[in-house]
1. Only residues that are under 22 Å from the mean Cα position of the chain (by Cα), under 17 Å from residue 249 (Cβ atoms) and not β-branched (Val, Ile, Thr): list them for segment 284-294, please.
2. Considering only segment 194-217, state which residues are farther than 18 Å from residue 132 by Cα and within 16 Å of the ligand (Cβ to nearest atom).
3. Residue check: is residue 178 touching a Lys or Arg at 6+ places or on another chain (Cβ under 7 Å), among the hydrophobic types (A, V, I, L, M, F, W, C) and in a loop (DSSP other than H, G, I, E, B)?
4. Within segment 221-229, is even one residue crowded, with 22+ Cβ neighbours inside 10 Å and either closer than 28 Å to residue 37 by Cα or polar (S, T, N, Q) (or both)?
5. Being crowded, with 19+ Cβ neighbours inside 10 Å and farther than 30 Å from residue 239 by Cβ, is that true of even one residue in segment 287-309?
6. Please enumerate the residues belonging to segment 314-354 that are touching a Phe, Trp or Tyr at 6+ places or on another chain (Cβ under 7 Å) and either more than 16 Å from residue 276 (Cα to Cα) or at pLDDT below 90 (or both).
7. Kindly provide the set of residues from segment 157-208 that are touching a Cys at 6+ places or on another chain (Cβ under 9 Å) and over 25 Å from residue 270 (Cα atoms), ordered by number.
8. Across segment 186-213, which residue is surrounded by the most Cβ atoms within 10 Å (Cβ to Cβ) among those that are among the polar types (S, T, N, Q) and outside any helix (DSSP H, G or I)?
Amino acid sequence: MRCQKVDYTFPMPKVCLISSLAWFAYSGLLSADQGDTLLQVHFVDVGQGDAIWIQGPAGECSDNGLNIIIDGGPDTGKGNRLITYLETYKFVKDSVIDYAIITHPHDDHYPGMTDILKNYQVKTIIDSGFPADGVKFQKFLTAAKSEKVGNKPSTFIEMRKQPTYQLPDCTDLHISILFGDTDQAGLGSGNSRVNNASTVVRIEYKKFSFLFMGDLEGKDRADPADKLSMGEKALLSKVPAEKLRATVLKVGHHGSETSSTLSLIRAVQPDVIVIQSGRKAFSGTFLPDQSVIDRYKKERPGVTIVRTDEGDEQQGLDTTNDADGDDIAILTDGDSLRVRQARLSGSKRQWVTVKKLQK
Ligand SMILES: [Zn+2]
């Protein structure tokens, strides 16, 4: 267990140890997995939207482990479940976040990040650089560009302007940006175009790897699954299939039929897929599309599927209450991997191991 503090160079103070023990007692999440050697990836249930908190193993590019956020979810203020989650797990206010990545400027991905900037000290902010209108996004950009750690101005990256930008390599932890927004043709139009500005990130830690697709799309909704266009086509032509392979895939675009083409699934070959979605209706239908789930099951028999909208339909939830705590935590020491999901809420909340992988 690590202790979150602003200055990573100091040894862990006693007060921090106490808070760590309280963390275990409260969460019951990691009692079997104590130790700083874990890579933890938390997919926070924010309803329809993405919010991911990654903690790297200690000693990998950071004494206490890197902290990375990919997207902040749709809600701000008291309704921001990402902030609630971080606070629940004792990620105290003003702690340092090494990287905040906003995959693309859509309302289900970036708004919650404004609170992250307000509550924490973010060293590097990575935006797609896709030009987006709207007062809310401009406010976010202003906050991002004036962010500081202590008195030192943070780094603000726009992928479109710095297409070769990469995070530094660590010893066993390798974080790669595989795709960033580009002005190349063939990335769709309207909302699709914005989705195809998504920054795609891959993380490898020893024997396991994770691929985070943002909302990248691969075809029009009505096209067959063996069609390949837009973002997935651009990604597949840029990155060799072996570098796309991932144990865990954060499925693109909330499991929409516009993503997860056969070409992409066959390149990635995931053992576990994570779908971040909620109960927001899009032209009368909800994400994920059943056809996409079926596609993964057919292509990857035995694939483990975990969703942040777990049980939401059966419980009759809607957009006002679908961020009900179906959080997913994936933990790996590099040799084994556990997929855990939170079940039930309030005092009955507990973490269940859904899948264990050993390599
Ligand atoms: Zn989205």
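The values are calculated or read from the model by the stated rules, or taken from the named source; none is laboratory data. In this text the structure is predicted, and so the values were computed from the model without any measurement. Glycine gets a Cβ as well: all are built from the backbone with ideal geometry, and neighbour counts include every protein chain shown.
1. Those that are under 22 Å from the mean Cα position of the chain (by Cα), under 17 Å from residue 249 (Cβ atoms) and not β-branched (Val, Ile, Thr): 287, 288, 289.
2. Going through segment 194-217, the residues farther than 18 Å from residue 132 by Cα turn out to be 200-213, 217.
Scanning segment 194-217 gives 200, 201, 212, 213, 217.
3. So residue 178 does not fit the description; no.
4. No, that holds for no residue.
5. No, the conditions are met nowhere in segment 287-309.
6. 332, 334, 337
7. 168
8. 196
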